[in-house]
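The values are calculated or read from the model by the stated rules, or taken from the named source; none is laboratory data. Remember, it's a predicted structure, so these values are computed and weren't measured experimentally. Methodologically, a virtual Cβ is constructed for each residue, glycine included, from the backbone with ideal geometry; neighbour enumeration extends over all protein chains shown.
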Amino acid sequence: MDELVDRLSSVVGSVVVDSDVLEAHRQDAATFCTAGVPLVLVRPSSTAEVQEVVRAAGEYGVPIVTQGARTGLSGAANAIDGCILLSTARMNQVLEVSVEDQVAVVQPGVINADLSRAVLEQGLFYPPDPSSWEMSTVGGNIATNAGGLCCVKYGVTGDFVRGLEVVLASGEVIRTGRRTVKGVAGYDLTHVIVGSEGTLGIVTEATLALRPAPEAALTAAATFLSIEEGVAAAAAVMGSGLRPSLLEFIDGITARAIQDYRDMGLPANVGSLLLAQSDRGPRAAEDVAAIAEICTAHGAVDVAVASDAEESAMLLEARRLVHFANEKLGTSLIDDVAVPRSQLVALLHGIDAISKQYGVLIACPGHIGDGNMHPTVIFDQADEAAQARALEAFGAVMDLGLSLGGTITGEHGVGKLKRQWLAEELGPVGLQLQRDVKAAFDPRGLLNPDKLFL
């Protein structure tokens, strides 16, 4: 394949074949997904360079795996043997921010947080905020239709994608969607591509909807002695007519891990924590006071309400510590099932039963306001038997989520990790239709070919 590498070197400014660099780039953050050995890593800086890479790959019949920041948790950016890794790292420009149209036009390698700060300077707001927002790219967020803490009020990435520029498997460029708020001409190809994990085309530009910058936010934090009380309080908040800009749940296992990691003054018998925020400026104090009353009425043993931004940040510290605290307990296998809010107690009870059945620890923090939870199987990776039980428990959690009318993935995507459950969720007709869509976009199967489908 030296000829292919030479060809790529003639059309792309950054082409890497160093084995150490390739090793460092061959997988994302899903440590339990296999990854192959790539042939080469290319870092194009323009749509034209991406086109050249795709045409060269087609001529040689070599697959392409597109990568952003590799923060994904499903193996969707993992290399396959002999592939071209196409990094969007050099396509990192915010091309336009329009106050009048309330849109931003960006390249896919722009970091989410950088975009958020750039538009805030113009008095605007880009709401999608995955936990990895300081590292993850807009292109990666689009590929998985990523969510985040603000989804409960504002929605997910796809809700803010107006249009895309995409390089197809043929090397042709298509522009989908539009800049306008409304537009119903033809099939909505924009939202076919959103969430497709690089299997239908390579996004080279995105037109994103923006909102006016939010007003100042305040936070409330409530401690409960059971999961049932915490879930009931969350349901009552959502049913009250209030629309918090954040509503997060921390289970007892995670809460105790946080307390061990950093003293937050949590009781040893904590059952759950509920964190809520309102970003309605002068009305935020009224909102969080109402949320505090609801939590107290549902059995909270302690409720703290912030009076300013500094206190709000302190109350949200527990949420920021979730990953670091659980990491201290052992190796983690993170799920992201979503169920109707009415089924959350059944989900949490079922997870507890699965934990006991397989002899593994399962924590379960999550975005309770939209029912998207993160069951986290924790085990000793050095123990092969424990690892096998953990993988079985992981699958059992996804089966449980489906049985409760939910989905196997609310925001992380299918990638390689969850392929075997996709057929169960979609059914045979739905799965075949999706395969047909893939074939229409990518007849030779060269774009991220081992993802989504078994």
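Observations
- When the residues of the range 364-382 are filtered to those that are among the hydrophobic types (A, V, I, L, M, F, W, C) and in contact with a His (Cβ under 8 Å, 6 or more places away or on another chain), the one that is nearest to A257 (Cα to Cα) is C364.
- Among the candidates L454, L422, L447, the residue that is under 19 Å from L189 (Cα atoms), aliphatic (A, V, I, L, M) and either at pLDDT below 95 or outside the structural domain of Q51 (by TED's automatic domain parsing) (or both) is uniquely L447.
- Restricting the range 170-195 to residues that are surrounded by 13 or more Cβ atoms within 10 Å (Cβ to Cβ) and of a type in the set (K, R) leaves a set whose member that is nearest to L446 (Cα to Cα) is R175.
- Residue-level analysis places A118 among those that are part of a helix (DSSP H, G or I), assigned by TED's automatic domain parsing to the domain that holds T199 and either among the aliphatic types (A, V, I, L, M) or crowded, with 23+ Cβ neighbours inside 10 Å (or both).
- Test: V337 is touching a Leu at 6+ places or on another chain (Cβ under 9 Å) and under 15 Å from F249 (Cα atoms): yes
- Qualifying position, being in a helix (DSSP H, G or I), buried (at least 19 other Cβ atoms within 10 Å of the Cβ), among the small types (G, A, S) and without any contact (Cβ under 8 Å) to a residue 60 or more places away in the chain, among A385, A440, A390, A423: A390
- Whichever residue in the range 393-420 is closer than 26 Å to K328 by Cα and among the small types (G, A, S) and, among such residues, is surrounded by the most Cβ atoms within 10 Å (Cβ to Cβ): G413
- Which listed residue is within 23 Å of R175 (Cβ to Cβ), modelled with pLDDT of 95 or more, aliphatic (A, V, I, L, M) and outside the structural domain of G147 (by TED's automatic domain parsing), from A48, A76: A48
- All positions within the range 350-376 that are in a helix (DSSP H, G or I) and within 23 Å of A318 (Cα to Cα): I351, D352, I368, G369, D370
- Hits in the range 69-96 - residues which are on the phi < 0 side of the Ramachandran plot, assigned to a loop (DSSP other than H, G, I, E, B) and over 20 Å from the mean Cα position of the chain (by Cα): I80, D81, C83, R90, M91, Q93
- Among the residues listed as S278, S307, the single one being among the hydroxyl-bearing types (S, T, Y) and crowded, with 21+ Cβ neighbours inside 10 Å: S278
- Among the residues of the range 326-347, at least one is touching a residue at least 24 places away in the same chain (Cβ under 8 Å), over 25 Å from A76 (Cα atoms), crowded, with 23+ Cβ neighbours inside 10 Å and not assigned by TED's automatic domain parsing to the domain that holds A76.
- Residue match in the range 231-246 (condition: part of a strand (DSSP E or B) and within 25 Å of the chain's Cα centre (by Cα)): yes
- Residue among V288, V303 that is in contact (Cβ under 8 Å) with a residue 12 or more places away in the chain, part of a strand (DSSP E or B) and either on the phi > 0 side of the Ramachandran plot or more than 23 Å from the chain's Cα centre (by Cα) (or both): V303
- Some residue of the range 8-20 being of a type in the set (D, E, K, R) and either in contact (Cβ under 8 Å) with a residue 12 or more places away in the chain or in the same structural domain as P108 (by TED's automatic domain parsing) (or both): no
- Failed item, numbered, when A104 is tested on (1) small (G, A, S); (2) over 20 Å from the mean Cα position of the chain (by Cα); (3) part of a loop (DSSP other than H, G, I, E, B): (3)
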